[in-house]
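Remarks on the structure that follows.
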Amino acid sequence: MKTGLYIHIPFCISKCTYCDFFSIPAAGVPEDYIEALEKEIEIKTRDVEIETVYIGGGTPSLLSKNQLNRICNAIYGKDKKGSQSIEEFTIEVNPDDVTQELLETLSKLPVTRISCGIQSFSQKCLSYCKRRSGTQENYNALDNFKKYWKKNLSLDFIAAVPFETEKSMLEGLSVAVKSGADHISFYSLTIEAETPLGKDYAHGRLDYDFEKADEMWIKGRDFLEKNGFEQYEVSNFCRPGYQCKHNLLYWNHKNYLGCGSGAAQSLYFDDGSAERKQNTCEIEKYIESVLKTGISEGTTELVDGKASRFEFFMMGLRKLKGISGHDYKSIFHEELPKEFILKMQDWEKKGLASINGDFYALTRDGILFLNTFLSEL
């Protein structure tokens, strides 16, 4: 079986006000967590062919040199023939952690790609969002990347974070373009209800203009495209040939394993349905269950054929390349639904979709209305 491997490091020194991802405050990563992670990785990857590895968080750059080596040894162990097929190995880092020592350590490991969360170069925005890294730390990180990192680099930005102006946003993206990065993730801000940012908005302490935010994202998209970055997914841009292979597994309806507290995985059956599991978010319970049984406590659900087909369209149409009838048939053993083709033809007449042989895609403007398209299906 071919699969991607996601490893979750759910620890952060501090939490950003907009963040809805699972993580807890910690100055480092506990050793017993690494011990459990090693065991889970070794068991889950024993008889699979790994295509990509992605260590996310949380803050994976809190891992010590020894802990990074232990995780890599669990993946690339002596009996792990399946690790020979790994094409991409990504790790997320916080700008404040990007030192010469860290980059030299990662350079000696099988890591091929770093994803660094810049988010903004405006100190006012970063301070409001309680980012651990300020403007200067962001610049220092880029300087260290130029000196000590020779492999692939991706930078994350959020459009229209509170107090960001169009001018400051475009200036920040300009710095990113000139930094040597080959991939830029450029997200729209999502205000989640249970985050501090969401509570500020709900209680009137934050005045946020969503229409203006959408306009800023479009201007940012246009800027990136004019500067050699092609949009290949709703929020992801790259220089030609530098797409994130791991994330493409998600968007292409492929298998992925999840290791670590809170990590999820999906494994597909021959009929296109899937088994989806999520490890417990109770870290102590995760550690205890894995060390005792090799399996994490958590939840399991069956994604039936109907739900899986909807996910195929929902995820596949996030890509500017879109989806193909051939891929749909290879997964579900049937032709594309007629109602889908008719809907695409209707949107093509509006200039919001394109049909090129066997490929069906939303245009760069049509993809802005992806949710509307899905609701009309």
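The values are calculated or read from the model by the stated rules, or taken from the named source; none is laboratory data. Note that the structure is predicted; figures quoted are calculated from it, not measured. We place every Cβ from the backbone using ideal geometry, glycine too, and count neighbours over all the protein chains shown. When the accessible area is computed, the model is the full protein with side chains, heavy atoms only, and any ligands, DNA or RNA have been set aside. Shrake-Rupley method; radii C 1.70, N 1.55, O 1.52, S 1.80 Å.
Brief remarks follow.
- Förster radius 41 Å - calculated FRET efficiency between T372 and D270, Cβ distance, rounded to 0.05: 0.80
- Residues whose amide H comes within less than 5 Å of that of S188, counting only those at least five positions distant or on another chain, are A159 (H built at 1.01 Å from N in the peptide plane).
- Were the residues from E194 through D214 laid out at 0.36 nm apart, the gain over their Cα-Cα distance would be 5.0 nm.
- P(r) weight above 20 Å for region 30-126, C-alpha pairs, percent: 41
- Shape annotation for region 89-134: C-alpha extents along the principal axes are 36, 19, 13 Å, from largest to smallest.
- Treating r as the C-beta distance of S127 and R239 and R0 as 22 Å, the FRET efficiency rounds to 0.10.
- Pairs beyond 24 Å (Cα-Cα), from K178/K219; K39/K146; K2/K329; K254/K350; K44/K277: K39/K146; K254/K350
- Full-stretch length increase - M1, S330 - with 0.36 nm per residue and alpha-carbon distance subtracted: 116.9 nm
- Put simply, the amide H of V93, placed in the peptide plane, has neighbours under 5 Å in S115, C116, G117, leaving out anything fewer than 5 places away on its chain.
- Translational diffusion of the chain, µm² s⁻¹ [Kirkwood Rh, Cα pairs; Stokes-Einstein; 25 °C; 0.890 mPa s]: 112
- HN-Hα J in Hz across region 237-244 - Karplus 6.51, -1.76, 1.60, θ = phi - 60°, x for Gly and Pro: 10, 8, 6, x, x, 10, 4, 7
- Fraction of accessible area attributable to carbon and sulfur, the chain (%, probe 1.4 Å): 50
- The residues E101, E311, sorted by heavy-atom accessible surface at 1.4 Å with ligands and nucleic acids left out, run E101, E311 from largest to smallest.
- Nearby lysines by direct alpha-carbon distance to K349 (threshold 18 angstrom, same-chain neighbours under 8 apart not counted): K338
- Phi-based couplings in Hz for region 171-188 (Karplus 6.51, -1.76, 1.60; Gly and Pro marked x): 5, x, 5, 5, 4, 4, 4, 7, 6, x, 4, 9, 8, 9, 8, 10, 9, 7
- Cysteines without a disulfide-compatible neighbour (Cβ-Cβ under 4.7 Å), the chain: C12, C72, C116, C125, C129, C238, C244, C259, C281
- Using θ = phi - 60° in the Karplus curve 6.51 cos²θ - 1.76 cosθ + 1.60, the 3J(HN,Hα) couplings for region 369-375 round to 10, 4, 5, 5, 4, 5, 5 Hz; x is entered for Gly and Pro.
- Residue order for K254, K39, K343 - accessible surface, 1.4 angstrom probe, largest first: K254, K39, K343
- Solvent-accessible heavy-atom area per residue, rounded to whole Å², over the chain at 1.4 Å: 47
- Put D346, D207 in order of accessible area, highest first, and with a 1.4 Å probe you get D207, D346.
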